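Take a look at the structure below.
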Amino acid sequence: MDLDVIKQRRPFPNLALMKLSAYHKARGDEIFLNFPLCQPDTTYASCIFTWNAKRRNGLPPDIIIGGSGTDLKAELSPEIEHIMPDYSLYPDVNFSLGFTSRGCPRKCPWCIVREKEGNIIPWASIYEFWYQQHKKIVLLDNNLLASPNWREVFSELFTIGVEVDVNQGLDIRFVDDEVAFYLGKVNARKLRFAFDHLSYEPSVRQGIDLLLKRGISPSKLSFYA
C-alpha cells in the first residue's frame, strides 16, 4: 500500500514497495498494490511524506508500515534492499530508479537525511536497479557528489548511455573542474542543484562559472531554492 499515491493520477513509484514486491514474487507470492479485493496474508504500507501519515489511521494494526513519513529508522533487510525492483508494480513508469549512495555529510537543520541515514556511504551499483529496457535512470542520492564512489557512478552512466536525472539535486559546493568535466559528459536534460541558503551564493557562482567553462548550457542548470 502506497500511502503517498492514493488518489493521485500520476504517482511516483515507491522504491521500497517495488523491492518488497520483487522479494515476495521470487518466493511465489501474489502481489497487489493498494486495496486488493481479496484479504492478503501480509500487508505493507509505505509513507514518505509526513503530511500523508494520517492516511494510516483506520488501517488494521497488523499492517507493516515504513517510510520517513512515519518512521525514520525503519529499514529493509539487506536481501530485500539490494534486490532488483519490481517495476511492473507501477506499469506506467518507464524509468529505473535507485540509490548509489545513502546519507549526507551535511547537517542542515531543515533536512532529515543525516538523522535518517547517517554520514554518506557508497550503496549500490547502477546495474543493481537499472532495468535494461528503460532509457532513463532517476538517481535518488541525497548528495551524490559527496560520495566516495561518485566517479564510479558516472563511469557506469557513461557506459550505459541512457538519460539520467539526479532527482534530489547536486551539491554545487563540491563542483570543481574535475566534477564539471564529468557533469559535462553525462546524458542529462537538466542538472539540478541545491541553493538552500543565501550564504551559499559565492559557491553557487563559482560552480556555475566552472560548469559554463566546460561548455554546459545555462539553460541546463536548475536550482532548488
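In the structure shown, do any of Lys107/Lys220; Lys25/Lys73; Lys107/Lys190; Lys73/Lys185; Lys116/Lys185; Lys135/Lys220 have a Cα-Cα gap over 30 Å, and if so which? The partial results should precede the final answer.
Details: Lys107/Lys220 28 Å; Lys25/Lys73 26 Å; Lys107/Lys190 26 Å; Lys73/Lys185 36 Å; Lys116/Lys185 32 Å; Lys135/Lys220 19 Å.
Correct reply: Lys73/Lys185; Lys116/Lys185.
Distance distribution note for region 94-225: the fraction of Cα pairs above 20 angstrom is 43%.
Against the chain, whose longest principal axis is taken from its Cα atoms, helix 201-213 shows a tilt of about 80°. Between Asn187 and Val164, the built amide H atoms are under 5 Å apart, and every one of these is 5 or more places off in sequence or on another chain.
Give me Trp130, Trp110 ranked fewest to most by other Cβ atoms within 10 Å of their Cβ, as a rough exposure proxy. Working shown, then result.
Values: Trp130 21, Trp110 6.
Sorted ascending by nearby Cβ count, the order is Trp110, Trp130.
Between 0 and 90 degrees, the angle of helix 150-160 with respect to the longest Cα principal axis of the chain falls at about 80 degrees. Along region 97-113 the Karplus relation, 6.51 cos²θ - 1.76 cosθ + 1.60 evaluated at θ = phi - 60°, assigns HN-Hα couplings of 8, x, 10, 9, 8, 10, x, 7, x, 7, 10, 5, x, 8, 10, 8, 4 Hz to successive residues, with x for each Gly and Pro. Among the cysteines of the chain, Cys38, Cys47, Cys104 have no other cysteine beta carbon within less than 4.7 Å of their own. Close amide H contacts of Ile65 (hydrogens built in the peptide plane, cut-off under 5 Å, sequence separation of 5 or more or a different chain): Ala45.
If you filter region 38-128 for trypsin sites (Lys or Arg not before Pro), then keep DSSP loop positions with at most 14 other Cβ within 10 Å, what is left? Here the sparse-neighbourhood loop sites are Lys73, Lys107. When the Cα gyration tensor is reduced to axis lengths a ≥ b ≥ c, the ratio a/c is 1.5 or higher for the chain, and with a/b above b/c it is classed as prolate.
Which net charge results when you count Lys and Arg as +1 and Asp and Glu as -1 among the other residues whose beta-carbon is under 10 Å from that of Gly207? Don't jump to the answer; show the numbers that get you there.
On the way: positive: Arg173, Arg205; negative: Asp171, Asp176, Asp209.
Around Gly207, the charge tally is -1.
Amide hydrogen proximity for Arg102: with H placed 1.01 Å from N in the peptide plane, the residues at 5 or more positions away or on another chain lying under 5 Å are Ile121, Trp123.
As a length-normalised measure over Cα pairs under 8 Å and 6 or more apart, the relative contact order of the chain settles at 14 percent.
Every read-out reported here was derived from the displayed coordinates using simple, explicitly stated rules and does not represent laboratory data. Bear in mind the structure is a predicted one, so any value in this text is a computation, not a measurement. Backbone-built Cβ (ideal geometry, glycine too); neighbour counts: all protein chains shown.
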